[in-house]
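The values are calculated or read from the model by the stated rules, or taken from the named source; none is laboratory data. No experiment lies behind these values; they were computed from the predicted model shown. Note that we place each Cβ from the backbone using ideal geometry, even for glycine, and neighbour counts take in every protein chain shown. SASA here: full protein model, heavy atoms, side chains in, ligands and nucleic acids out. Shrake-Rupley method; radii C 1.70, N 1.55, O 1.52, S 1.80 Å.
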Amino acid sequence: MSDANARKPEPGEFGAMTLWYRQPAREWIEALPVGNGRLGAMVFGKIDEERIQLNDNTLWDGHRQDTNNPQALQYLPRVRQLLFEGKNQEATEIADRYLMGNPKGVKSYQSLGDLWLEAGQDEAVEDYRRELDMDSGIVRITYRIGDVRYAREIFASAPDRAVVVRLTASKRSKINLKVRISRPQDASSFTEGNDRLILRGQVADIPPGASESLGMKFEAHLLARPQGGRLAAESDTLVIERANTATLILSAATGYKSDDPAQACRDSLATASSKEFARLRSVHVADHRKIFRRVRLDLGRSPGDDLPTDERLAAVREGTDDPGLAVLYFQFGRYLLMGSSRQGGLPANLQGLWNEHMNAPWNSDYHTNINLQMNYWPAEVGNLSECHVPLLDYLASLVEPGRRTAQVHYGCKGFVAHHLSDIWGFTTPADGVWGIWPMGAAWLCQHVWEHYAFSGDREFLSRKGYPVMKEAAEFLIDFLVEDPQGRLVTNPSHSPENTFRKPGGSVSAFTYGATMDLEIVHDLFTNCIQAAEILNTDAAFRDRLKQALNRLAPLQISARTGRLQEWIEDYDEPEPGHRHMSHLYGLHPGRQITLRGAPELARAARKSLEYRLSHGGGHTGWSRAWIVNFWARFEEGDLAYQNLKALLQHSTAPNLFDLHPPFQIDGNFGGAAGIAEMLLQSHAREVSLLPALPAAWPEGSFSGLRARGGYEVSAAWKAGKLAAASIRASLKNACTLRVPLGQQVVEIALSGLAIPLERTADPCIVRFNAQPGRSYSIVMK
């Protein structure tokens, strides 16, 4: 436990990055997460019988199989014709019968199990504190019973591929513990020797006609290392008596990448157990801080700085402004992405990697009609570029199965993915006709381009990025068809999960040329053209894309309402407050609609957003997080802040997990990205400082945020005005810099000497030539 007389960290200092509570978690949604990118744990902090719920993000139900439907291509022309003729219901019925994958869905990501620590302490507990120190990546529980102080530390080490639990007491011989592992299905646990626990199982996935399970095999091994006292094995339990300290090291593995999960566990344990606890801890902390400490955010002193996290969240729900809680939320988003997405592993799913269920809500799968993408919105701007790589690797893994789906379902070249997937390469339509949305891979390709745009890594673009983008574009250029007016459109199509009302009163989701599709096509083709130009390749393919863009149906503004149309026709909306705002993709995360580049479309998009909100839009956590980003792109700081506050008030659990409800992690990542978007933007070919600063944050600073073009940016402001900034370049670029309205750059200095600037007609903009490895100080007035 920290010394009560120690200096309290200043806001924004890394020591202030702590979620803490005066009581144990009563339910899972209050527990605290640790993760190393593959293994995760949720720590409850209970005294007598602690529960630490465990995950391995490769543990899924299901198996690899061909889900393509050979009938789909035969019926596709009929469905297209019916949609062009306005016979939506008939088209829907045929599509649901013949165009879906087989099976029509995926199976669930599953919990690994639970680690139970029975301490036998039922005496009165005082001075209890439960905390997550995000700066070290360690959960701590401290308390006092009588004159003995107890402490536990739990962390998930990426270097040592293990979850580590450490128990200590202020007096000798006070650690008494019974340790066991359980899982509600498909597994058994037992001891090995007197110091190991083993959980062994296989997911019960028995297809029709099969005689044995094709499900994933998995194991978890725990090694107990007490110092002093007695250690014994009793059936499925390890018993520690009168020890001075105890260290528990847990490894886990599945058959996803290992032919022998048991040996994989033994190998990981052998590596981890060769280190003393102090070394395990220091290696973990160094690895964690190397990434976490890249970004600092300070929004000044807050009324909740001295309160437990749940109490300050409750105060915000009552209307209190708490800038420090926004800082915690932002850094918590970065912490969660570090914990659920590391190089060499799988991307963060609907719950990151923290899931207590055998059959999770929405299977905790990969939803690619916004949720998976939103998970990675903070990756590049939040200086977590290597945490983006699992998503890019995952997308590459869909290319091969997606090629077959493109051919079998659509008769197209390239590759396709629809609105959801799993770890088994699922690329076919699922979950009903709104699953016939062949835009998932194309949207994911935006992340390929963004990874290049922020890093300038030409080798990545050449070897990995552009080939994937090109194949996704090859599919779309084959998939596009002429509508009755001669425009190129997608068909079939829909605006994700939303419906429209036709003039005759019928309601449908199925159409052609939905606005989001057109925006995604524009985004992918534009990025492909630019990538091919950078790499000086595929001139003929570039020309094809340019020609297709010229024939693509345009975005449309309703003559009736002035709003950006969500569909190819100016339909009414049965649910005007729908959680999805898909037709605003071109505003965010795309860049087709910008305030200065497309002002008429921007005004129409704003009307669409205001209409959604006036009818109750943003009622889910991830949707509200998206709205924060929209208002930031509109440079409306106060409106972005109002929606960030609403996200905290209505869609945030006591442990700061986002609530759909139930828990979905996308809102955490979308909210963190929205905070960054309020402070720094670079999508419009300029580095814009404090573009959406709210009045609620009159003073503050940040360092380490990244901008497209290979820049790392820092800034400070006072009384709502930019006071100073610096830009460190990693590439040679002509940098266009925008400062807030009403301010001007006095000079930009390199090593104390002013450099030449190009002034523009807009006093808020200057341009200068940036050189790699140089830091530029920006002097303001």
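Points to keep in mind about this one:
- A single member of PHE277, PHE190, PHE218 is at pLDDT 95 or above, aromatic (Phe, Trp, Tyr) and under 25 Å from ALA169 (Cβ atoms), and it is PHE277.
- Out of PRO70, PRO11, sole residue that is modelled with pLDDT of 95 or more and either under 30 Å from GLY425 (Cα atoms) or open to solvent by less than 60 Å² (accessible area, probe 1.4 Å) (or both): PRO70
- Residues being among the β-branched types (Val, Ile, Thr) and crowded, with 20+ Cβ neighbours inside 10 Å - total across the range 103-143: 4
- Residue within the range 204-211 that is surrounded by fewer than 20 Cβ atoms within 10 Å (Cβ to Cβ), of a type in the set (Asp, Glu), under 30 Å from ASP267 (Cβ atoms) and in contact (Cβ under 8 Å) with a residue 12 or more places away in the chain present: yes
- Pairs linking a residue in the range 81-92 that is open to solvent by 90 Å² or more (accessible area, probe 1.4 Å) to a residue that is among the hydroxyl-bearing types (Ser, Thr, Tyr), with Cβ atoms under 7 Å and 6 or more positions apart or on different chains, are GLN89/SER506; GLN89/SER508.
- Boolean, ASN527 is on the phi < 0 side of the Ramachandran plot, among the polar types (S, T, N, Q), part of a helix (DSSP H, G or I) and open to solvent by 40 Å² or more (accessible area, probe 1.4 Å): no
- Of all residues making up the range 234-261, the number that are part of a strand (DSSP E or B) and over 26 Å from SER157 (Cα atoms): 3
- ALA734 vs. criteria crowded, with 21+ Cβ neighbours inside 10 Å, within 22 Å of ALA453 (Cβ to Cβ) and touching a residue at least 24 places away in the same chain (Cβ under 8 Å): no
- Candidates GLU459, GLU471, GLU482, GLU533 - the one that is in contact with a Phe, Trp or Tyr (Cβ under 6 Å, 6 or more places away or on another chain) and either aromatic (Phe, Trp, Tyr) or modelled with pLDDT of 95 or more (or both): GLU471
- The range 400-431, subset under 21 Å from ALA348 (Cα atoms) and of a type in the set (Phe, Trp, Tyr), residue most open to solvent (accessible area, probe 1.4 Å): TRP424
- Here VAL148 passes the criteria (1) under 24 Å from SER182 (Cβ atoms); (2) over 25 Å from the mean Cα position of the chain (by Cα) except the one numbered (1).
- The range 375-399 - residue that is aliphatic (A, V, I, L, M) and in a helix (DSSP H, G or I) and, of those, most open to solvent (accessible area, probe 1.4 Å): ALA396
- Screening the range 148-170 for residues that are assigned to a loop (DSSP other than H, G, I, E, B) and in contact (Cβ under 8 Å) with a residue 24 or more places away in the chain and picking the one that is nearest to ARG200 (Cα to Cα) gives ARG161.
- VAL148 touching a strand residue (DSSP E or B) at 6+ places or on another chain (Cβ under 8 Å), over 18 Å from HIS284 (Cβ atoms) and not hydroxyl-bearing (Ser, Thr, Tyr): yes
- THR254 of a type in the set (S, T, N, Q), more than 20 Å from GLY344 (Cα to Cα) and either open to solvent by less than 60 Å² (accessible area, probe 1.4 Å) or without any contact (Cβ under 8 Å) to a residue 12 or more places away in the chain (or both): no
- Exactly one residue out of ARG97, ARG38, ARG78, ARG51 is farther than 20 Å from LEU346 by Cα and either modelled with pLDDT under 95 or crowded, with 19+ Cβ neighbours inside 10 Å (or both): that is ARG51.
- So ARG612, is it without any contact (Cβ under 8 Å) to a residue 40 or more places away in the chain, within 23 Å of ARG501 (Cα to Cα) and of a type in the set (Lys, Arg): yes
- Scanning the range 338-367 for residues that are over 22 Å from LEU461 (Cβ atoms) and hydroxyl-bearing (Ser, Thr, Tyr) yields SER340, SER364, TYR366.
- If the condition is being at positive phi and either assigned to a strand (DSSP E or B) or polar (S, T, N, Q) (or both), then the range 171-213 contributes only SER173.
- Options LEU313, LEU222; residue that is of a type in the set (A, V, I, L, M, F, W, C), buried (at least 17 other Cβ atoms within 10 Å of the Cβ) and over 27 Å from ALA158 (Cα atoms): LEU313
- TRP434 under 30 Å from ASP572 (Cβ atoms) and either open to solvent by 10 Å² or more (accessible area, probe 1.4 Å) or part of a helix (DSSP H, G or I) (or both): yes
- Among the residues of the range 707-719, just one is in contact with an Asp or Glu (Cβ under 8 Å, 6 or more places away or on another chain) and open to solvent by less than 40 Å² (accessible area, probe 1.4 Å), namely TRP717.
- Boolean, ASN369 is in contact with a Pro (Cβ under 8 Å, 6 or more places away or on another chain), part of a loop (DSSP other than H, G, I, E, B) and among the polar types (S, T, N, Q): yes
- Against the numbered list (1) within 26 Å of TYR21 (Cα to Cα); (2) part of a strand (DSSP E or B); (3) in contact with a helix residue (DSSP H, G or I) (Cβ under 9 Å, 6 or more places away or on another chain), LEU223 comes up short only at (1).
- Residue match in the range 502-525 (condition: touching a Lys or Arg at 6+ places or on another chain (Cβ under 6 Å) and within 26 Å of ASP96 (Cα to Cα)): yes
- Any chance SER251 is of a type in the set (Ser, Thr, Tyr) and under 27 Å from ASN655 (Cα atoms): yes
- Checking each residue in the range 438-458 for being assigned to a loop (DSSP other than H, G, I, E, B) and under 13 Å from PHE475 (Cβ atoms) picks out PRO438, MET439.
- In the range 294-321, the residues that are out of contact with any Asp or Glu (no Cβ under 7 Å at 6 or more places or on another chain), part of a loop (DSSP other than H, G, I, E, B) and in contact (Cβ under 8 Å) with a residue 60 or more places away in the chain: ARG294, VAL295, LEU299, ARG301, ASP305, ASP306, PRO308, ASP321
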